[in-house]
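The structure appears below as structure tokens.
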Amino acid sequence: MDLRVLEYFLMVAEEGSITHASELLHVSQPTVSRQLIELEKELGKPLFTRTHKNVSLTQEGLLFRETAREILALYQKAMRENTGAETLAGDIYLGMGETGSVVFLMEQIAVFRERHPGVHFHLISENADRICEDIEKGLLDVGFIMRKANPSTFEILEMGLRETWGLLVPEGHPLENATSVTGKQLRREELILPENSFFQSELLRYLGAGAQERVGATYNLIYNAFPLAKASRELIVCLGHPGERQGGLIFIPFANGKDAYASLIWKKRPVQSPALAAFLEHIGHTVSE
């Protein structure tokens, strides 16, 4: 399968028109149409529903669009890796959640880039579930997560950083002056939980019977949940540090001290890119000091 055909497919899928896509690709319309027909024959399934004015993706086409994006992303990533340069250079794709512990990692990236300015970091905010999936697919090189990972799949570096589970409470809420909070105290509160399935099951178990019915929303990126919490007076369940304040919200830990620990994870393979290997060595040395 020619990678150019994947580019044609994605452009047509985005534009909804072979004519418009052909103009943007600077390729003749018959060429694009013929390549798409050949792609459908090769895959043995229809990717588009065609009318005289436009095209739209079939269900099979929607599924293949994700595959095509992943294939092209992997190819582009491989092309950017520079393994033969005299000075260290390359790209590192790093997935991470939005937690306070990320500050330490960013400080170390800054130190590393002072020594190796040819290394470019792509910082991607995702939850731990998606980070693990994207590392396995090869879309991410390394991930910074606040949960356990499968040691049979990933190399794991414990960072020695800890955060506590608790709540972000809007100012003026009856709980704002509490030093800690129990699951029992939350039985009448509406909650906003993290989207991460591992964390959700753990937290719902802690919060007790009926907690699922009190979940009004979930979040992937926590900062997007701040305006909802302030507008609805709902409480955000998240990681933090006692007394921490964010966007007019106050962090209160759970009474039992339920903690999460930061790890750096990457896929097990015989050889890493020079840039990633150097960065992992730098982080490993810093953590062990």
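The values are calculated or read from the model by the stated rules, or taken from the named source; none is laboratory data. What you see is a predicted model, and the numbers here were worked out from it, not measured in a lab. Because the Cβ atoms are built from the backbone with ideal geometry, glycine has one as well, and the counts that use them run over all protein chains shown. Calculation scope for accessible area: heavy atoms of the full protein, side chains included, ligands and nucleic acids excluded. Shrake-Rupley method; radii C 1.70, N 1.55, O 1.52, S 1.80 Å.
Does Thr87 satisfy the condition of being farther than 25 Å from Glu289 by Cα, at pLDDT below 90 and not acidic (Asp, Glu)? Spelling it out, Thr87 is indeed farther than 25 Å from Glu289 by Cα, at pLDDT below 90 and not acidic (Asp, Glu).
Test Ser197 against the criterion of being open to solvent by 10 Å² or more (accessible area, probe 1.4 Å), free of Cβ contacts under 8 Å to residues at least 60 places away in the same chain and either closer than 19 Å to Asp129 by Cβ or among the hydroxyl-bearing types (Ser, Thr, Tyr) (or both), and give yes or no. Spelling it out, it is not the case that Ser197 is open to solvent by 10 Å² or more (accessible area, probe 1.4 Å), free of Cβ contacts under 8 Å to residues at least 60 places away in the same chain and either closer than 19 Å to Asp129 by Cβ or among the hydroxyl-bearing types (Ser, Thr, Tyr) (or both). Being in contact (Cβ under 8 Å) with a residue 12 or more places away in the chain and assigned to a helix (DSSP H, G or I) is the filter; apply it to segment 153-194 and report the residue that is nearest to Glu98 (Cα to Cα). For segment 153-194, the residue satisfying everything is Leu186. Yes or no: Gly247 small (Gly, Ala, Ser) and touching a strand residue (DSSP E or B) at 6+ places or on another chain (Cβ under 8 Å)? Answer is no for this residue. Here Glu66 meets each of (1) surrounded by 13 or more Cβ atoms within 10 Å (Cβ to Cβ); (2) under 30 Å from Phe199 (Cβ atoms); (3) modelled with pLDDT under 90 with one exception, condition (1).
Only a single criterion out of (1) closer than 17 Å to Asp141 by Cα; (2) open to solvent by less than 40 Å² (accessible area, probe 1.4 Å); (3) of a type in the set (Ser, Thr, Tyr) is not satisfied by Tyr75, namely (2).
Residues are listed down the side, and each one gets a yes or a no for (1) more than 23 Å from Ile124 (Cβ to Cβ); (2) open to solvent by 70 Å² or more (accessible area, probe 1.4 Å); (3) touching a residue at least 60 places away in the same chain (Cβ under 8 Å):
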| position | (1), (2), (3) |
| --- | --- |
| Asn220 | no, yes, yes |
| Ala225 | no, no, no |
| Lys230 | yes, yes, yes |
| Arg233 | yes, yes, yes |
| Pro242 | yes, yes, yes |
| Leu264 | no, no, yes |
| Ala277 | no, no, no |
| His285 | yes, yes, no |
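One residue stands out among those in segment 98-115 that are open to solvent by 20 Å² or more (accessible area, probe 1.4 Å) and in contact with an Asp or Glu (Cβ under 8 Å, 6 or more places away or on another chain): the one that is farthest from Phe198 (Cα to Cα), which is Gly100. Across segment 28-54, the number of residues qualifying as without any contact (Cβ under 8 Å) to a residue 24 or more places away in the chain, within 13 Å of Phe64 (Cα to Cα) and touching a strand residue (DSSP E or B) at 6+ places or on another chain (Cβ under 9 Å) comes to 1.
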